[in-house]
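Chemist: Can you keep this structure in mind? I'll have questions shortly.
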Amino acid sequence: MIASFLIQTLNGLASASLLFLVALGLTLIFGVTRVVNFAHGSFFMLGAYMAVSFHELVGGGLLGFWGGAVIAALAVGVVGALIEITILRRIYRAPELLQLITTFGVVLVLKDVVLYTWGPEDILGPRAPGLAGAMWIFGKPIPQYDLLLLVLGPLVGLVVWLLLTRTDWGTRVRAATEDRDMAAALGINQALMFTGVFALGALLAGLAGALALPREPANHNMDLTIIADVFVVTVVGGLGSLPGAYVAAVIISVVKAWCIGIGDVRLFGTVFSFSKLTLVAEFIVMAIVLIIRPWGLFGTPQAAQRVAAASILPMPVPDMKRWWPLGLLMLALVALPLIVDRFTVVLVTDIIIFALFAASLGLIMGIGGMASFGHAAYFGAGAYAAAVAFKAGASFVVAIPTGVAFAAALAVLFGWFCVRLSGVSLAMLTLAFAQITWAIAFQWDSVTGGSNGLVGIWPPELLSSKSAYYFATLLLAGAAILLIWRSVHAPLGFLLRAGRDSRIRAEAVGIDVRIVQWRAIILAGSAAGLAGALYVFSKGSLSPDLLSIPRSVDALAMVLIGGVQTLVGPVVGAVVFITLQDWIVRATPYWHAVLGITLILITIIFPQGIVGTLRQWRQRRESAP
Amino acid sequence: MSLLEVRDLDAWYGRAQILFGVSLTVEAGDAAVLIGRNGAGKSTLMKCIIGLEAERRGVIRFDGTDLIGAPTHNIARRGIGYVPEDRRIFMDLTVDENLRVGRLPLREGESVSWTPEAAFELFPPLAAIRERKGGQMSGGEQQMLTIARALMGNPRFLLLDEPSEGLAPVIVEVIAGAIAKLKARGVGLLLSEQNLHFARAVADRAFVLDRGRIRFAGTLAELDADAALKEQYLSI
């Protein structure tokens, strides 16, 4: 028993080394540029594929493996530098959420670059020459390569630490991490340093990817799988802390390894499969750390965020004399099925569902100032709960509220943690939550149908035609959107905005900001759950994809494209996004890349979103003499 | 040609205008003081010159080259040192490391470079705490370090934003002495002050700034002679 624990611990430490290298790069980049690089997992993936190609080019042997790792790392560093120069440089002054969306655009582009270059199949990578065997410890075999990795991670960490503390460049990097404007006022060229740091961070991720090859084949899911883990590691360790990154990587990896080691355990007559609970274990570790130290083990408490006055657009009070555009729109929506074909009716049904999804995210993000990178958790939870209830014999009329209630319950749970964080840490936490929800749906075969999902979930006879379901959606989702809009100009909205604009002042006048934010998350979660429940009955089936990271980012993209601090923005964003997506997906197999480039361009050109930018232009014109 | 020339400078934070048509000049080896109440725009003017934060329009010329639109690090490399009001010492770095960050290569035609040792001659207390981190230093030590750090870039011109604010009289004396020595070495100086006594000790020329506009330009003696002006713009 003890021997098996020791073996799993060693195995965990080997995984921790890889995780640490990626997290270290992410933290370095964040420290200096204040950008959380979503594409960091993509650099990891790119490193793996490049090492495979190098190995194929020069053949096996020491040069093939170790040369491949070095070349891949350097190549990824160069790719990182190019991306920094062409894209990131344009967004350093943009709001941090927008930066996340831009770098997610890079994720999508790199995904298709890999698909185009290396094809869709998993590629088995080379084994490390001379280290393919195993060492026997306590009568159990442990791969020699794991032992090497175990040492290599901390070793590279040490090199980076020496670089930061013992060289002029490192000293300047640490200075810029603390106060980049003061560093510039002392003559330090920020642009050059940012490129250098970004390249170094990318290089570390690429190196980790190449070193991961003997343990897993190069595949297309490496990017998002590792980035979710890395986000958990940085939240647990504390953003910006080098030792924190290592300790957190070790804790997470070892706990996961132990879960696998424990395997099936019989407790109170039921069999618990611990090996399937790895992600839940990760969640519990993170939860405990966040309760005790919300800023992470080695992090420092976040200073109350100063929101730049210019970044907040005043929310105009709705002018009831201008009701007629909304009235006209309603009329048009009601008349729609009479005019257009069946296909368009389905598309518009989708748009309405996603408009609700986006509007619910807009409430907590725009009005509440809380970034969520895992809003799909509620959407998917609503969809799954409704589908499971339906499969268990509940009718449509019962299944829909079940979905909403389940999503609300999940929001109660997640929200409790979320209100303890803010900014990018919060964004990473929500992403991790969504990833855990995904894992549960993916692994709990008996209830959720696992990777196959569930099929045959159709609305009752009365709503079976596409137009009838369209009207039902319009009624329910439309009412929910109006409720969200109304809440913005109700006490909940006022308190939320007060907490967003100045937490300290809001608390000083007696507002419990956390409770207000929690309520908003529950309202938004319920609304997203309704959207999910409506979605599953319109499609007739569902799969864990509903909960995946790209789905969360879709919602985020809709909100940001439309304009985060506006009411109509998210809805406009949903219309633009779904229409574009529908069109792009049909036009090209490389739709990820097209979508990614679109996201990058939109975030660079319209930093306030479409509606927000238009409103800013109008205000400028009105205020001009 | 003046070393520093500011002409018709307007500046904004977002949509709020802070400076309105500010003009002033400072010669090499001269020390000028900006006097004004809190919120008059003194710090904003300094930030405009070094190229931080504020949006600016107008002319800022240093040794004949226009600084408007130039990136901050280029402005610093041309020979302007910046000592901000809140000091902005790198808290996680030691005294030595803070100085190392400030180091810049010599410009063409210059031969004498500032070294940490030379800076410690100006500010002797720093020599004893070279390995101490910025976060563990007293306010006076931080103020000395922030001036020393600016000197490492071999500035021909120094912006000092309220260098005497909140310091013990002993430290104020050290700093006044250092400023006098720098002036003697031919460094141009623009400092902002609310404290007229300190201003008299170190500067020869004065500009009175009030709500973003220059209200007076002349010698300190002339300013002292004008009681009405002092009453209107400087008394609290």
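Chemist: Rounded, prolate or oblate, given the Cα gyration tensor of region A:396-483, with a/c below 1.5 counting as rounded?
Modeler: Note, shape of region A:396-483 comes out oblate.
Chemist: Here's another thing I want to ask about it. Can you give the FRET efficiency to the nearest 0.05 for A:Leu57 and A:Val585, using r as the Cβ-Cβ distance and R₀ = 45 Å?
Modeler: Approximately 0.85, to the nearest 0.05.
Chemist: Which percentage, to the nearest 5, of the DSSP beta bridges contained in region B:4-233 is antiparallel?
Modeler: 55
Chemist: While we're on this one: Which lysines have a Cα lying under 30 Å from the Cα of A:Lys111, excluding residues fewer than 8 positions away in the same chain?
Modeler: Once the sequence-local lysines are set aside, what remains near A:Lys111 is A:Lys256, A:Lys276, A:Lys539.
Chemist: Right, here's the next one. Counting other beta carbons within 10 Å of each Cβ, put A:Tyr470, A:Tyr384 in order, fewest first.
Modeler: Placing the least packed residue first, the sequence is A:Tyr470, A:Tyr384.
Chemist: Let me ask something else. What order do you get for B:Asp8, A:Asp582 when you list them from fewest to most C-beta neighbours inside 10 Å?
Modeler: Least to most surrounded, the residues fall as B:Asp8, A:Asp582.
Chemist: Can you show me the helix-derived [θ] at 222 nm for chain A, built from DSSP H runs with n ≥ 4 at -39,500 (n - 2.57) apiece and divided by the number of residues, rounded to the nearest 500.
Modeler: When only DSSP H runs of four or more count, the value is -23500 deg cm²/dmol.
Chemist: Evaluate the distance, in nm, between pseudo-label points positioned 7 Å from the Cα of B:Ala127 and of A:Trp161 along their respective Cα→Cβ axes.
Modeler: 3.4
Chemist: I've got another one for you. Under the definition of partner shielding as Cβ atoms of other protein chains within 10 Å of a residue Cβ, what is the mean value for peptide A:170-183?
Modeler: If you average over the peptide's residues, the count of other-chain Cβ atoms is 6.
Chemist: Separate question: With contacts defined as alpha carbon pairs under 8 Å and 6 or more residues apart, what's the relative contact order of chain A in percent?
Modeler: Relative contact order, chain A: 19 percent.
Chemist: Just to confirm a number: summing +1 for Lys and Arg and -1 for Asp and Glu over residues other than A:Met428 whose beta-carbon lies under 12 angstrom from that of A:Met428, what do you get?
Modeler: -2
Chemist: Helix-only estimate, please: 222 nm mean residue ellipticity of chain B, summing -39500 (n - 2.57) across DSSP H runs of length 4 or more and dividing by its residues, to the nearest 500.
Modeler: One gets -9500 deg cm²/dmol as the mean residue ellipticity at 222 nm.
Chemist: Separate question: Which whole number gives the average, over all residues in B:69-76, of C-beta atoms from other chains lying within 10 Å of the residue C-beta?
Modeler: Counting other chains' Cβ atoms within 10 Å and averaging over B:69-76 gives 5.
Chemist: What shape does region A:505-625 have by the C-alpha gyration tensor, where a ≥ b ≥ c are the square roots of the eigenvalues, rounded means a/c under 1.5, and otherwise prolate means a/b greater than b/c and oblate the rest?
Modeler: Oblate.
Chemist: Do you know the Lys pair count in chain B for C-alpha distances under 24 Å, with sequence separation 8 or more or different chains?
Modeler: Counting lysine pairs in chain B gives 4.
Chemist: Here is a further query. Find the eigenvalues of the gyration tensor of the Cα atoms of region B:4-233, then list the square roots of 5 times those eigenvalues as equivalent ellipsoid semi-axes, largest first, in whole angstrom.
Modeler: Values for region B:4-233, descending: 27, 21, 17 Å.
Chemist: Once you put a point 7 Å from the Cα of B:Glu110 and another 7 Å from the Cα of A:Asp445, both along the Cβ direction, what distance in nm separates them?
Modeler: Label-label distance for B:Glu110 and A:Asp445, simple model: 7.3 nm.
Chemist: Also: Gap in Å between the Cα centre of region A:526-569 and the Cα centre of region A:373-447?
Modeler: 12
Chemist: Of A:Val70, A:Leu163, A:Leu124, which is farthest along the charge dipole of the protein assembly as shown in the positive direction, counting Lys and Arg as +1 and Asp and Glu as -1 at C-beta?
Modeler: Towards the positive end, the residue furthest out is A:Leu124.
Chemist: So how do A:Glu178, B:Glu108 line up by other beta-carbon neighbours within 10 Å, fewest first?
Modeler: Arranged by neighbour count, lowest to highest, A:Glu178, B:Glu108 become B:Glu108, A:Glu178.
Chemist: To continue, here is another question. Just the Kirkwood number for chain A, please: inverse of mean 1/r across all distinct Cα pairs, in Å, one decimal.
Modeler: 25.5
Chemist: Moving on to the next point. With axes computed from alpha carbons, what is the tilt in degrees of helix B:169-184 against the longest principal axis of chain B, rounded to the nearest 10 within 0 to 90?
Modeler: 80
Chemist: Which number comes out as Rg/Rh for region A:1-121 once both Rg and the Kirkwood Rh are worked out on C-alpha atoms?
Modeler: Dividing the radius of gyration by the Kirkwood radius yields 1.06.
Chemist: Semi-axes of region A:329-623's equivalent ellipsoid from the Cα gyration tensor, sqrt of 5 times each eigenvalue, largest first, rounded to whole Å?
Modeler: Square roots of five times the eigenvalues give 29, 24, 19 Å.
Chemist: Can you tell me which of A:462-468, B:39-45 comes out highest on packing, and rank the rest after it, using the mean Cβ neighbours within 10 Å?
Modeler: Result, highest mean Cβ count within 10 Å first: B:39-45, A:462-468.
Chemist: Rounded to the nearest 5, what % of DSSP beta bridges with both residues in the protein assembly as shown are antiparallel?
Modeler: Bridges in the protein assembly as shown are about 65 percent antiparallel.
Chemist: Place +1 on the Cβ of every Lys and Arg and -1 on the Cβ of every Asp and Glu in region A:329-623, take the dipole about the Cα centre, and give the residue among A:Met428, A:Gln517, A:Gly478 whose Cα lies farthest towards its positive end.
Modeler: Most positive-ward Cα: A:Gln517.
Chemist: Nearest 10 degrees is fine. How inclined is helix B:139-151 to the longest principal axis of chain B, computing both from alpha carbons?
Modeler: The answer is roughly 90 degrees.
Chemist: Averaged over peptide B:91-101, how many Cβ atoms belonging to another chain are found within 10 Å of each residue's Cβ?
Modeler: Whole-number average of other-chain Cβ neighbours for B:91-101 is 4.
Chemist: I'd like the FRET efficiency for B:Ala221 and B:Val170, computed as 1/(1 + (r/R0)^6) with the beta carbon distance as r and R0 of 22 Å, rounded to 0.05.
Modeler: 0.20
Values quoted throughout were computed directly from the atomic coordinates according to the rules given, and no laboratory measurement underlies them. Please read these numbers as outputs of a predicted model, since none were measured by experiment. Cβ coordinates were reconstructed from backbone atoms using ideal geometry, including for glycine residues, and neighbour counts include every protein chain displayed.
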